[in-house]
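Below you'll find the structure, written out as structure tokens, and then a few comments.
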Amino acid sequence: MWHKTFAGLISGLIFMVLVPSSLSLLMPSQVGLILALGLIFALSSWAGVMTWCYAANTNKQAWGRAAKAALPVILIFTGIFFTAAGPTG
Amino acid sequence: MNKTTLKNLTHAHAWLGLIISGVLMIVFVCGSISLFRHNIIHWDSQYHAPDPLSEQIVPISTILDKIATQEHNIPAHHGVLISIPQSDQPYYYTAFETETADGLHIDHQLNFDANTGQLLPYNGEDFYLSDMLYLLHISLLLPYGTEIVGVITLLFFVMVMSGICIVLKKLVSHFYQYRLNKNKDIYHDGHTLIGVSSLPFTFIFALTGVMFNLSIVLQAGFGFAVFKGDIPALIKTAGFFGQPNVEYSGNPVSNTHANTIIKDVQEKYPNHKIARLNFFAMGDENGEVEVRLIEHNALIPTTHVIYSLKDASLISEYHAQQAPTAATYTVLSSLHFGEFGGITLKFIYFILGLGCCYLILTGNLLWLEKRENNRQQSKRGLAFVKAMTLALSTGTLIAVACSFIGARFAPFSWTRTDLLPTLFFCAIGISLLHALFNSMQRKAIRQAMVQQLLAAAVLFAICPFYDLIQVLFGHAPHPYLLLDVILVNCALLLVALFCFSLGKHQHATSGASASESITLKSSVS
């Protein structure tokens, strides 16, 4: 249970923060709207990723699911972060 | 969804539910009661409340002059908050923070008579009961309590989602199923029925709970990832209301402009009620006042208007609708508190809140039923869960009743901010110990439940009977408090009756099952 909890907690947190952040960097004029939607969907996705990890058969599978949720988001965010100007210019 | 996934989710749902049940129960019970916070304050203060409003009310400038004559050192960016007299609060409530030479800040709360402008001996802090219940709801009155409640709410959100996944396949076909043959079936079907019926409510509560307590994580992460650490820029983009930032000029102005501002606001916003005024750099040429207006039955109820204290001119107007983030946050908050639907919605929320308590208890009982016949299960572990479940149900009721009694009978020389939380937690602790001593045998734990239910019934009945005796001896609450006093006392009596009936029923059931087992034994021998 501890593995599943931490796998879901960490990957859900990364997913929740980086998805709206990537969208905001791509569409700086819509930051307010993205943040507003983030309050509903990003926070829900945190719990969703945790639920997905709890549904795993083993601890290893839970960490695998956590990696599937977090790694692509991290890679995409890193790419956007160094290329897009974002709201701060 | 395959069987293994469902099994994993059920396992996680059961264990997470058991682990967070203690905190969640306190959060839901105190949250449900907190829906009636203002009614409880009136009930609590009925013997010491100020006289009702007369027709002649002193203007707000008199109160500002009174505060000014006390020569407090109030920093310009710290507001002097004033709540103007209303029919249900017939006095001026003021709160402000002063700064000492060492840079320390001291809180002050002063109340002024609305008819004479004199300082009242009435201190709102002496009526701490409703505030305590609300603080228990949001932070359990513990250090880092907000974060703890946030994590618990996140796990509750996971439980809501896993619960949906578990019942999804049989959601429609088994919705009306309510079997009465076995305890396990009753708990299971009740748990599913209430869980599915109250789903929109529990979803909103889980989401807003995480939003209130953990959205700081989203805010910080977003601030660093998108705004490169410029958090003020993020807050500006989010569009939340920002308080005026002023400095003292040293040139005094008359406080009478405040009276003009109130008149102007009342004319311009006839459908709004002035909730409070916040004066920055009070009595100074640079001073500004924020007037907070509330529109009843609106999902975004608050409007802020800023006026200059120099010439009573309007500087700006703010409504959360202007920014999507602030608007979303406010709408979600309104959905959490249910203020927009009046007293009817509050009652519905209260019943749904109690429904969530039922979910917690039936969840624990299901966990127990499933493991009680398992020989590999530790007996001590089972006994502890039994005792905890009892302490969470009847123990929480006893704790709430003790808090009401403490609020009514403790002398004012005893600080209520210390006394009431101590009483609350001690009552739960004693209930847990009592249940633990009786938890090794099924019959004994049932007797302990009956005893605790009867104790709760007696404790809940004490305050209404005391108030009734006071009325018989000539005390009459002020008219503006009467409805709330009756409402709260009736609610206490109803809970007392409920506890008594349930205790009686449980006593009869345990008696019947005992005689059944004696008959069975004699027939076997």
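The values are calculated or read from the model by the stated rules, or taken from the named source; none is laboratory data. Values in this document were obtained by computation on a predicted structure and should not be read as measured data. Cβ atoms come from the backbone with ideal geometry, glycine included; neighbour counts cover every protein chain shown.
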Taking the options B:Y269, B:Y307, name whichever one is modelled with pLDDT of 90 or more, within 16 Å of B:V80 (Cβ to Cβ) and touching a Leu at 6+ places or on another chain (Cβ under 9 Å).
B:Y307
For the subset of region B:248-264 comprising residues that are touching a residue at least 40 places away in the same chain (Cβ under 8 Å) and within 18 Å of B:L293 (Cβ to Cβ), which member is surrounded by the most Cβ atoms within 10 Å (Cβ to Cβ)?
B:A258
Could you tell me which residue of region B:11-44 is farthest from B:T192 (Cα to Cα), considering only residues that are within 14 Å of another protein chain (Cβ to nearest Cβ) and touching a helix residue (DSSP H, G or I) at 6+ places or on another chain (Cβ under 6 Å)?
B:I20
Taking the conditions exactly as written (outside any loop (DSSP other than H, G, I, E, B), hydrophobic (A, V, I, L, M, F, W, C) and more than 26 Å from B:A508 (Cβ to Cβ)), does B:L459 satisfy them or not?
no
Going by the conditions given, is B:F205 of a type outside the set (K, R) and either in contact with a Leu (Cβ under 6 Å, 6 or more places away or on another chain) or more than 30 Å from B:R416 (Cα to Cα) (or both)?
no
Could you tell me which numbered condition A:Q30 fails, if it satisfies all but one of (1) more than 21 Å from A:I80 (Cα to Cα); (2) over 16 Å from the mean Cα position of the chain (by Cα)?
(1)
With chain A as the region, which helices (runs of 4 or more DSSP H) entirely inside it contain at least 2 residues that are in contact with a Cys (Cβ under 8 Å, 6 or more places away or on another chain), modelled with pLDDT of 90 or more and at the interface with chain B (Cβ under 9 Å from one of its Cβ atoms)?
A:2-26
I'd like to know if region B:392-409 contains one or more residues that are out of contact with any Phe, Trp or Tyr (no Cβ under 6 Å at 6 or more places or on another chain), farther than 30 Å from B:Y122 by Cα, surrounded by fewer than 16 Cβ atoms within 10 Å (Cβ to Cβ) and not assigned by TED's automatic domain parsing to the domain that holds B:L129.
no
A careful count of residues in region B:217-246 that are assigned to a helix (DSSP H, G or I) and closer than 26 Å to B:A76 by Cβ gives 7
Could you identify the single residue in B:Q451, B:Q441 that is surrounded by fewer than 13 Cβ atoms within 10 Å (Cβ to Cβ) and either farther than 30 Å from B:P90 by Cβ or in contact with a His (Cβ under 8 Å, 6 or more places away or on another chain) (or both)?
B:Q441
Only residues that are in contact (Cβ under 8 Å) with a residue 12 or more places away in the chain and of a type in the set (A, V, I, L, M): list them for region B:343-379, please.
B:L352, B:L354, B:L359, B:I360, B:L361, B:L365, B:L366, B:L368
Would you check if B:L332 is hydrophobic (A, V, I, L, M, F, W, C) and more than 14 Å from every other protein chain (Cβ to nearest Cβ)?
no
Test of understanding: among B:L359, B:L314, B:L299, B:L345, which residue is aliphatic (A, V, I, L, M) and surrounded by 18 or more Cβ atoms within 10 Å (Cβ to Cβ)?
B:L359
Check on B:H72, in contact with a strand residue (DSSP E or B) (Cβ under 9 Å, 6 or more places away or on another chain), touching a residue at least 24 places away in the same chain (Cβ under 8 Å) and not acidic (D, E)
yes
Against the condition part of a helix (DSSP H, G or I), under 27 Å from the mean Cα position of the chain (by Cα), surrounded by fewer than 22 Cβ atoms within 10 Å (Cβ to Cβ) and more than 14 Å from chain A (Cβ to nearest Cβ), how does B:G353 come out, does it pass?
no
Is it the case, given these coordinates, that B:A220 is within 7 Å of chain A (Cβ to nearest Cβ) and aliphatic (A, V, I, L, M)?
no
Might you let me know whether region B:360-369 holds any residue that is outside any helix (DSSP H, G or I), among the polar types (S, T, N, Q) and assigned by TED's automatic domain parsing to the domain that holds B:R37?
no
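This table checks each residue for (1) at pLDDT below 85; (2) in contact with a helix residue (DSSP H, G or I) (Cβ under 6 Å, 6 or more places away or on another chain).
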{"position": "B:V172", "(1), (2)": "yes, no"}
{"position": "B:Q177", "(1), (2)": "yes, yes"}
{"position": "B:Y187", "(1), (2)": "yes, yes"}
{"position": "B:I194", "(1), (2)": "no, yes"}
{"position": "B:T202", "(1), (2)": "no, yes"}
Please go through region B:329-351 and pick out each residue that is more than 24 Å from A:F41 (Cβ to Cβ) and either aliphatic (A, V, I, L, M) or touching a helix residue (DSSP H, G or I) at 6+ places or on another chain (Cβ under 9 Å) (or both).
B:E339, B:G341, B:I343, B:L345, B:K346, B:I348, B:Y349, B:F350, B:I351
Can you tell me which residues in region B:66-91 are over 30 Å from the mean Cα position of the chain (by Cα), closer than 14 Å to B:G287 by Cβ and of a type outside the set (G, A, S)?
B:I67, B:I74, B:P75
